[in-house]
Amino acid sequence: MEQVVFHDWKLNEVEAFELQRQFAGRVERNDRLDNVNTVTGVDVAYDEQSDRLVAAAVVLDAASLTVIEQAIAEDVAQFPYIPGLFSFRELPPIAKVLSQLKCKPDLIICDGQGIAHPRRFGLACHVGILFDVPTIGCGKTLLRGTHEAVGTTRGDYAPLVDDGEIVGRALRTQNGIKPVYVSTGHRVSLPTACAWTLTLCTKYRLPETTRRADQLVKSLLRR
């Protein structure tokens, strides 16, 4: 898979904020997907005893959810943890594993935010722009915005609103289980992002793409 947009990673906090503001204008919030035959999850895990981290990308067949391809990379964290600048810490190793993939995924689901972000440019947007690929942000926790109570049935949702703008949805993926936070990453509309999230949450709260990538990085760290 080829990266098509590049920028300097050696940025300070102010420069990173400005890059997000500039790149947010490139994000496409409407559907521009071809036939989705493969779906991909990416994840990063950290060694609690050091700056070492492990990133993984797992490509699944969209129909059967069987693993087609996977890639891993080890790295060292080079950007501090700063709320709202998550992608500058995790995307360098994610870019390494995505660049290892032999085929370009039709859709990537990120364990993080899309436009539900202070500058409308979360991890999923960043991945989508750098690789020119449709992406969805599916976060476990709320970063930005507020929402009303979500119904208890799978598929129920409440709009996620920030400064008067709908930036995502709090989506119930399983009956009685706490919701996830879905938002557009790049080239995927919010309704389509939620539909794919539900499709990929077959038995559990999180999409199978996220679960498989998470299992892979954790197993590598244990080794």
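Overview of results
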{"quantity": "Any hit, region 23-37, residues being assigned to a strand (DSSP E or B) and modelled with pLDDT of 95 or more", "calculated": "no"}
{"quantity": "Unique residue being surrounded by 24 or more Cβ atoms within 10 Å (Cβ to Cβ) and of a type in the set (S, T, N, Q) when the list is Ser87, Ser99", "calculated": "Ser87"}
{"quantity": "Boolean, Pro191 is outside any helix (DSSP H, G or I) and either surrounded by fewer than 24 Cβ atoms within 10 Å (Cβ to Cβ) or at pLDDT below 95 (or both)", "calculated": "no"}
{"quantity": "Cβ pairs under 8 Å, 6+ apart, first in region 2-15 and more than 13 Å from Ser87 (Cα to Cα) and part of a loop (DSSP other than H, G, I, E, B), second at pLDDT below 95 and not aliphatic (A, V, I, L, M)", "calculated": "Glu2/Lys104"}
{"quantity": "Matching entry among Gln78, Gln113, Gln70 (being loosely packed, with under 14 Cβ neighbours inside 10 Å, polar (S, T, N, Q) and touching a residue at least 24 places away in the same chain (Cβ under 8 Å))", "calculated": "Gln78"}
{"quantity": "Region 29-66, subset crowded, with 22+ Cβ neighbours inside 10 Å and of a type in the set (Gly, Ala, Ser), residue nearest to Thr210 (Cα to Cα)", "calculated": "Gly41"}
{"quantity": "Filtered residue count, region 116-131, keeping only those that are in contact with a helix residue (DSSP H, G or I) (Cβ under 6 Å, 6 or more places away or on another chain) and either on the phi > 0 side of the Ramachandran plot or surrounded by 24 or more Cβ atoms within 10 Å (Cβ to Cβ) (or both)", "calculated": "4"}
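Here's the yes/no breakdown for (1) within 30 Å of His7 (Cα to Cα); (2) without any contact (Cβ under 8 Å) to a residue 24 or more places away in the chain; (3) exposed (fewer than 15 other Cβ atoms within 10 Å of the Cβ); (4) in contact with a Cys (Cβ under 8 Å, 6 or more places away or on another chain):
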{"site": "Val133", "(1), (2), (3), (4)": "yes, no, no, no"}
{"site": "Ile136", "(1), (2), (3), (4)": "yes, no, no, yes"}
{"site": "Gly139", "(1), (2), (3), (4)": "yes, no, no, no"}
{"site": "Tyr157", "(1), (2), (3), (4)": "no, no, no, yes"}
{"site": "Gln174", "(1), (2), (3), (4)": "no, no, no, yes"}
{"site": "Tyr181", "(1), (2), (3), (4)": "yes, no, no, yes"}
{"site": "Leu200", "(1), (2), (3), (4)": "no, no, no, no"}
{"site": "Arg222", "(1), (2), (3), (4)": "no, yes, yes, no"}
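The values are calculated or read from the model by the stated rules, or taken from the named source; none is laboratory data. Bear in mind that the values here come from a model prediction, so they are computed numbers and not experimental data. Note that we place each Cβ from the backbone using ideal geometry, even for glycine, and neighbour counts take in every protein chain shown.
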